[in-house]
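What follows draws every value from the coordinates through simple rules; no lab data is involved. All values reported here derive from a predicted model rather than from experimental measurement. Because the Cβ atoms are built from the backbone with ideal geometry, glycine has one as well, and the counts that use them run over all protein chains shown.
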């Protein structure tokens, strides 16, 4: 489990480290540069036949200073290094010290002050380009020489390694400006920043590698969870058990226009171990339901809403559901009971503050960006510009768990703790994927798992099944039912590994 921090928090942790260890900011820069240089060498990015031709593109900030330290150290280790510096009036003191140390090394130093100088620089063929142009503080579109440098780096055939974050990617939102460096590898210092994980990050960062330099970030309430940390979390079934021991899930969903959605949720629930699934729809929807699992029980919801099953261990409401007064009545009745609940799809648009929730009831909302923006009564653009604040505020104010779905899914708990999960692939960007995930979450909640475990576990199993499906069919062709078929294989690493006892007669 690794820490995740905002750019502002990372700067504070830097300052605390400097004060605690009684070192200078430049000494911390040297430490970072040394660790980053080691990571580049250890990652196999240096030519082993001849000296590697390395270009460091450096800006005036501390990220640029880190790059200059890396360039100097690689030159000391025998690489043919050119450090290209785009100077600014606001160069930091640490950057200037790095430039001074660099001038005493074997590295070549080029000052970029014109487009023609930039053009001449990139006429040379390089093995490796180190992007140290902008760090975490970039909050506007790159312009002038900086924009030209980004375009030239992207046009090069060299391996591009970004330090901490690709230049042009916002450190807080993960939204990419144009232009933005498209790195092959991003070396992240000490802790993941929001911009390393969210939104456009996975499309421009390449392989992301965390490099520790000894900064203490344990004060952060945000963590990155790996799938390995969740292995063996699903308990092995007891011999002396029946279907009601393994969770009863009631699913409320479906509409004439979307009759298949609740069936996908039901199939997913059974695929990950639900003991019993109750599929509840109106009588008009029941007539057009498709692919209902033969194992599922069907219950009809009256036209005025409800009934809610008291025997259910978890509720899932929303797959294929449309907003209506009757559905709001059903949702309100579900919220009033202490039973754990997943609110997905169409039900997200019916979630109101006026609904009273049972005390300590685990409620999990599963919005993507557009749905979360609607919950916050914002445009999608305004929401994503400050997504962290809005999701955190919504979860804590309403006392719910919010699973903000995306390339990196984020679970915010009612107490404000935040967990990040990188799982799956773009094959999941297709209708039905969310319905499948809702069924998995609902099953684990029904089996008594706390939401903080159930949701990340469901996200990783869902994502692993999507990876297996993409391997079999290709990302473009994967359907939700393909993912369901592979849930049994995806589930195996997460089930408690224990040999079944046997009976022998001799």
Normalised contact order of the range 2-221, rounded percent, pairs of Cα under 8 Å and 6 or more residues apart:
22
What does the extension gain come out to for residue 452 and residue 115, with contour length at 0.36 nm per residue minus their alpha carbon separation?
116.1 nm
Over the chain, consider all pairs of different Cα atoms and compute the Kirkwood hydrodynamic radius from their mean reciprocal separation; express it in Å, one decimal.
24.8
Residue separation between residue 311 and residue 218 times 0.36 nm, minus their alpha-carbon distance, gives in nm 29.3 nm
If we count other beta carbons within 10 Å of each Cβ, what is the order of 361, 104, fewest first?
104, 361
I need the P(r) histogram for the range 228-494: all alpha carbon pairs, bin width 10 Å from 0 out to the longest distance, whole percents.
7, 33, 39, 20, 2, 0
Determine the shape class of the range 2-221: with a ≥ b ≥ c the square roots of the Cα gyration tensor eigenvalues, call it rounded for a/c under 1.5, and otherwise prolate if a/b is greater than b/c, oblate otherwise.
rounded
Give me the number: length gained by fully extending residue 356 to residue 237, i.e. 0.36 nm times residue separation minus the C-alpha to C-alpha distance, one decimal in nm.
39.3 nm
In this structure, the FRET efficiency calculated for residue 389 and residue 90 from their beta-carbon separation, with R0 = 30 Å, to the nearest 0.05, is 0.60
Quick one: Cα centre-to-centre distance for the range 264-331 and the range 160-209, in angstrom?
41
Answer check: the range 32-132, Cα atoms, Kirkwood Rh, Rg/Rh ratio of 0.95
For helix 451-473, report the angle its Cα long axis makes with the longest principal axis of the Cα atoms of the chain; keep it between 0 and 90° and round to the nearest 10°.
80
Which shape class, rounded, prolate or oblate, goes with the range 426-500 when its Cα gyration tensor gives a ≥ b ≥ c as root eigenvalues, a/c under 1.5 marks rounded, and past that a/b bigger than b/c marks prolate?
oblate
So how do 408, 376, 180 line up by other beta-carbon neighbours within 10 Å, fewest first?
376, 408, 180
Could you tell me how far the Cα centroid of the range 1-42 sits from the Cα centroid of the range 359-374, in Å?
35
Cα long-axis angle, helix 261-271 against the chain (0 to 90 degrees, to the nearest 10):
90
For the range 115-267, just run the numbers: alpha carbon Rg, then divide by 2.2 N^0.38 Å, N being how many residues it has.
1.56
If you count, for each residue, the other Cβ atoms within 10 Å and average over each peptide, how do 441-449, 116-124 line up from highest to lowest?
441-449, 116-124
What is the range 282-321 by shape, rounded, prolate or oblate, if you read a ≥ b ≥ c off the alpha carbon gyration tensor as root eigenvalues and call it rounded for a/c under 1.5, prolate for a/b larger than b/c, and oblate otherwise?
oblate
